[in-house]
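I have placed the structure first, in the form of structure tokens, so that the comments after it can refer back to it.
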Amino acid sequence: MKKLFALILTLAMILGMTGAFAEAAGNEVWNETEYLAHADIRYDLDRDYSGKTVILHSNDVHGQIDGYACIAGLRTCFEKLGADVILADAGDFSQGNPYVNTSKGLSAIEMMNAAKYDVATIGNHEFDFGYPQLKENISKALFPVICSNVTLDETGESILPPSAVITTKSGLKIGFVGMDTPETVSKVNPGLIRMLSFAPAEQMPEIARKAVDGIRADCDLVFGLFHLGVDVEQLGDGSSSRELLKKVTGIDMVLDGHSHTAMTAGQGGEPIQSTGTRFANIGVVVIDNENKGIESNFLLPTLITHDLYTARFIDGKVRDDAQKIIDRVNEEYGKVFATSETWLNGERAPGNRTEETNMGDLITDAMIWSVVKEGGIEQVEPNAVVGIVNGGSIRASIEKGDVTKKDINTVLPFGNTVALVYATGAELLEALEASTFLMPESAGGFPQTSGIEWTIDTTKAYDQGAVYMLNGKESSYFAPASIRRVTIRSINGEPFDVNALYAVVTNDFCAVGGDTYNVLGSSTSRFDTGIPLDEAVMGYITEVLGGKITEEAYGAPRGSLTVIR
């Protein structure tokens with residue numbers, strides 16, 4: 001029997017990476033000795049797993065479909081070492097790049113079927129293509145998909161089973177309780193989920209307790225399969241997995257998602273494990289069948305490149321299934337249409353959720369161009385047109401060199417369109433104040449802008465007012481009671497007027513009040529242009545920039561934002 005450790009060594013040798021044994025979730029590269037000594041993975045892989053149940057888990061895969069061959073192959077490895085194995089996912093598998101976006105998430109379900117997942121919960125991005133599409137996708141799943149805190153308004157009933165119990169070959173019964181972030185109400189286009197209610201943070205402990213109580217007596221262990229996260233944004237409203245664990249008994253461990261955190265325990269030592277994102281790691285939990293207790297848990301770093309497919313712990317059939325999707329999409333999206341002389345920053349933090357970036361500048365410039373060239377802005381003068389996009393909508397960087405349609409679609413994977421909202425200067429100030437409420441911490445609503453010279457003073461506290469309402473329901477964000485942190489210095493070089501009318505070019509998500517942009521959604525003068533956002537950016541690069549993103553034009557952020565710290 002081939003030992004798991006030897007299999008991973010084989011992977012390193014096949015890659016031809018002398019001394020480079022594995023790569024962590026970030027940029028750190030470990031050699032063999034460092035790998036075995038790493039704090040997160042001090043365990044003995046060269047062992048007999050008879051009498052053990054191993055849970056392998058993923059979260060926030062976001063279209064990294066070649067990773068399913070890794071987790072499926074790892075399942076086979078542990079089974080050969082004697083273990084019973086369960087595969088679980090903590091949500092956000094449906095969206096992230098063209099490999100899943102072009103099928104509106106269905107290809108992710110198909111890949112999870114191929115990898116033989118046993119259970120999954122949903123994340124906020126499962127709703128990006130609308131609830132009817134999500135229902136259709138889940139109907140094709142060969143595994144239970146669970147969630148306890150999302151209900152259909154018409155009936156008040158949960159849209160999915162709240163829990164599932166998996167019985168292993170050895171007879172061990174493992175329960176899973178699913179839960180999605182209440183931030184979904186503000187993170188997804190409100191028009192796509194208006195028929196649904198997402199329980200607010202204060203109701204979640206009782207919902208979780210009810211779900212746990214419903215299966216606890218029939219299970220040897222219960223796991224929270226949560227898409228909640230541990231970011232400051234979640235900790236602030238009490239919806240984090242850490243906060244929930246403090247209030248709910250009967251959960252042995254949480255397999256978490258949403259915040260893209262790679263961790264084997266919570267900051268306070270809570271039994272929470274999360275793998276990061278895009279199969280940077282595969283989560284492993286080892287259970288002793290005899291004493292029915294968790295023996296160990298760790299993260300197994302994963303290298304995801306096409307060169308891995310000759311490695312012995314890759315599942316060949318799942319690999320081939322993924323490759324068919326990759327080849328089909330690459331044929332359509334892989335053609336080069338431009339070049340870039342500079343790296344365009346698509347990172348989260350530091351990046352588009354914390355500061356002005358050159359990527360944000362490019363996208364907002366392109367949005368304005370796409371609307372102005374059509375001649376559809378009539379209520380204001382050209383110097384009163386500005387662009388705003390939420391930093392959370394920007395999902396990837398672009399490297400120097402060739403630029404393809406796939407690159408742009410990966411940066412902007414949500415299928416957003418360009419929208420126009422007429423807003424007063426006061427409303428524009430509110431949008432900026434509300435969307436920087438967490439500064440200097442990161443938040444998905446952080447504004448990337450064009451045409452606005454502005455300042456944020458992070459030494460002043462955010463003056464939190466009433467909760468924002470969306471479609472008659474509470475969102476997860478609060479309006480500013482006063483404007484005390486943000487000032488606008490000028491609009492396109494002209495003095496800012498709090499009473500003037502401005503044309504705000506944004507995406508359709510922000511235009512209807514998504515994220516922290518409730519004030520834009522409240523406008524009675526707004527419309528969707530129908531221009532796909534990714535096509536607007538590609539058109540701008542081709543027609544305005546001549547197919548070349550130069551260092552001179554976008555080598556660095558233009559300096560529209562000043563931050564006082």
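The values are calculated or read from the model by the stated rules, or taken from the named source; none is laboratory data. Because the structure is predicted, anything quoted here is derived from the model rather than measured. Heads up, the Cβs are rebuilt from the backbone with ideal geometry, glycines too, and the neighbour counts pull from every protein chain shown.
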message: Against the condition of a type in the set (Gly, Ala, Ser) and within 15 Å of residue 420 (Cβ to Cβ), how does residue 525 come out, does it pass?
response: yes
Subset of segment 401-443, residues among the acidic types (Asp, Glu) and assigned to a strand (DSSP E or B), comes to 402
Query raised in the report: Out of all the residues in segment 528-535, is one or more closer than 20 Å to residue 492 by Cβ and surrounded by fewer than 17 Cβ atoms within 10 Å (Cβ to Cβ)?
Result: no
Looking only at segment 543-555, decide whether some residue is within 27 Å of residue 443 (Cα to Cα) and assigned to a loop (DSSP other than H, G, I, E, B). yes
When segment 386-416 is checked residue by residue, the ones that are of a type in the set (Val, Ile, Thr) and under 15 Å from residue 364 (Cβ atoms) are 386, 388, 389, 394, 408, 411
Based on what the data block shows, is residue 106 within 28 Å of residue 332 (Cβ to Cβ), out of contact with any strand residue (DSSP E or B) (no Cβ under 7 Å at 6 or more places or on another chain) and either surrounded by fewer than 24 Cβ atoms within 10 Å (Cβ to Cβ) or not assigned by TED's automatic domain parsing to the domain that holds residue 153 (or both)? yes
In the set 52, 116, 80, the lone residue that is more than 19 Å from the chain's Cα centre (by Cα), buried (at least 20 other Cβ atoms within 10 Å of the Cβ) and touching a residue at least 40 places away in the same chain (Cβ under 8 Å) is 52
Against the condition in a strand (DSSP E or B) and surrounded by 14 or more Cβ atoms within 10 Å (Cβ to Cβ), how does residue 354 come out, does it pass? no
Listed by first then second residue, the pairs whose first member lies in segment 357-369 and is touching a residue at least 40 places away in the same chain (Cβ under 8 Å), whose partner is in a helix (DSSP H, G or I) and of a type in the set (S, T, N, Q), with beta carbons under 8 Å and at least 6 positions apart or on separate chains, are 359/352; 360/352
For the structure I just gave you, tell me whether residue 142 is in contact with a Leu (Cβ under 8 Å, 6 or more places away or on another chain), assigned by TED's automatic domain parsing to the domain that holds residue 129 and surrounded by fewer than 21 Cβ atoms within 10 Å (Cβ to Cβ). no
Restricting segment 517-537 to residues that are outside any strand (DSSP E or B) and among the polar types (S, T, N, Q), the one farthest from residue 474 (Cα to Cα) turns out to be 525
Picking from 489, 485, the residue that is among the charged types (D, E, K, R), buried (at least 21 other Cβ atoms within 10 Å of the Cβ) and more than 30 Å from residue 128 (Cβ to Cβ) would be 485
By residue number, the members of segment 469-512 that are aromatic (Phe, Trp, Tyr) and either over 21 Å from residue 527 (Cα atoms) or in a helix (DSSP H, G or I) (or both) are 477, 478, 496, 509
Pairing a residue in segment 394-407 that is more than 17 Å from residue 335 (Cβ to Cβ) with any residue that is among the β-branched types (Val, Ile, Thr), where Cβ atoms lie under 7 Å and the two sit 6 or more apart in sequence or on different chains, gives 394/363; 394/411; 395/410; 395/411; 396/410; 396/411; 400/342
